[in-house]
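Undergrad: I have a structure I would like to understand better, so I am pasting it below and will then ask my questions one at a time.
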Amino acid sequence: MNPDVFQWRESDVIVRARCIPRYLWMTVSIDVFLDGMCILRTGGQAKMTGSVTSCFWFEGTTHEAKLSWQKYKNHAFPVELIIDDELVAESNVAVENWWMPFVACSVLAILLLLPVLVVVALAVLLYVFM
């Protein structure tokens, strides 16, 4: 899945969303890159909606980026990116590894059920051979 690419002052702005290993992979970090340099990272906040502001240095001056996001739906976050009071992006940003929470929960369920399965198997073996 390709990240969304936008333009600001003739530079590429990429907005990516991905599940991160916080709270059992249940949070998403939305990251903003300007010409390959990360200028803003939400860090996987446990909030359904919100905004983050960041200051960064680019072409000799300081700039301010503000990213706002709304409720997750259809494997994407509606986001709005503003840099220096200029709307740069308003888009639905797809979460790259949206399936990770399912993998993490499945592994946890197996680990929790494994002792029960071993006990049941031992009980069956004892019953059969006794």
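None of the figures in this text is laboratory data; all of them are computed from the coordinates on show. Because the structure is predicted, anything quoted here is derived from the model rather than measured. In this analysis, Cβ positions are derived from the backbone assuming ideal geometry, glycine residues included, and neighbour counts consider all displayed protein chains.
Undergrad: Going by C-beta contacts inside 10 Å, put Y72, Y127 in order with the fewest on the left. Walk me through the numbers on the way to the answer.
TA: Working: Y72 16, Y127 8.
Ordered from fewest to most neighbouring Cβ atoms within 10 Å, Y72, Y127 come out as Y127, Y72.
Undergrad: Quick one: putting +1 on the C-beta of Lys and Arg, -1 on the C-beta of Asp and Glu, what dipole do you get for the chain around its Cα centre, in Debye to the nearest 20?
TA: Charge dipole, the chain, about its Cα centre: 880 debye, nearest 20.
Undergrad: Using the number of other C-beta atoms within 10 angstrom as an exposure proxy, rank W8, W99 with the fewest first. Please report the intermediate quantities before stating the final value.
TA: On the way: W8 19, W99 12.
Going from sparsest to densest Cβ surroundings: W99, W8.
Undergrad: Test of understanding: ordering C19, C105 by Cβ neighbours within 10 Å, fewest first, what list do you get?
TA: In increasing order of surrounding Cβ atoms, one gets C105, C19.
Undergrad: Step through the residues of the range 60-67 one at a time and calculate ³J(HN,Hα) from phi using the Karplus curve (6.51 cos²θ - 1.76 cosθ + 1.60, θ = phi - 60°), rounding each to whole Hz and writing x for Gly and Pro.
TA: So the Karplus estimates, Gly and Pro as x, are x, 9, 8, 10, 10, 10, 10, 10 Hz.
Undergrad: Among (1) 81, 27, 24; (2) 53, 35, 29; (3) 39, 34, 31, which one is Cα extents along the principal axes in Å computed from these coordinates?
TA: (1)
Undergrad: In addition: Take L114, project a point 7 Å from its Cα along the Cβ direction, then tell me which residues of the range 21-51 have their backbone nitrogen under 20 Å from it.
TA: 24-25
Undergrad: Still on this structure, please answer the following. Compute the angle between helix 100-129 and the longest alpha-carbon principal axis of the chain, please, reported from 0 to 90 degrees and rounded to the nearest 10.
TA: The two axes meet at around 0 degrees.
Undergrad: Between S11 and A121, what length in nm is gained on full extension when 0.36 nm per residue of separation is reduced by their alpha carbon distance?
TA: 33.5 nm
Undergrad: While we're here: Which far-off residues, 5 or more places away or on another chain, put their amide H under 5 Å from the one on W98, with H placed in the peptide plane?
TA: none
Undergrad: Would you work out which of T53, V120, I14 lies farthest towards the positive end of the dipole of the chain? Charges go on Cβ: Lys and Arg +1, Asp and Glu -1.
TA: So the residue we want is V120.
Undergrad: Taking amide H positions as placed 1.01 Å from N in the peptide plane, with prolines and chain starts having none, which residues 5 or more places from N92, or on another chain, fall under 5 Å of its amide H?
TA: V79
Undergrad: Just in the range 54-130: which GluC sites (Glu not before Pro) are loop by DSSP and have at most 10 other Cβ atoms within 10 Å?
TA: E59
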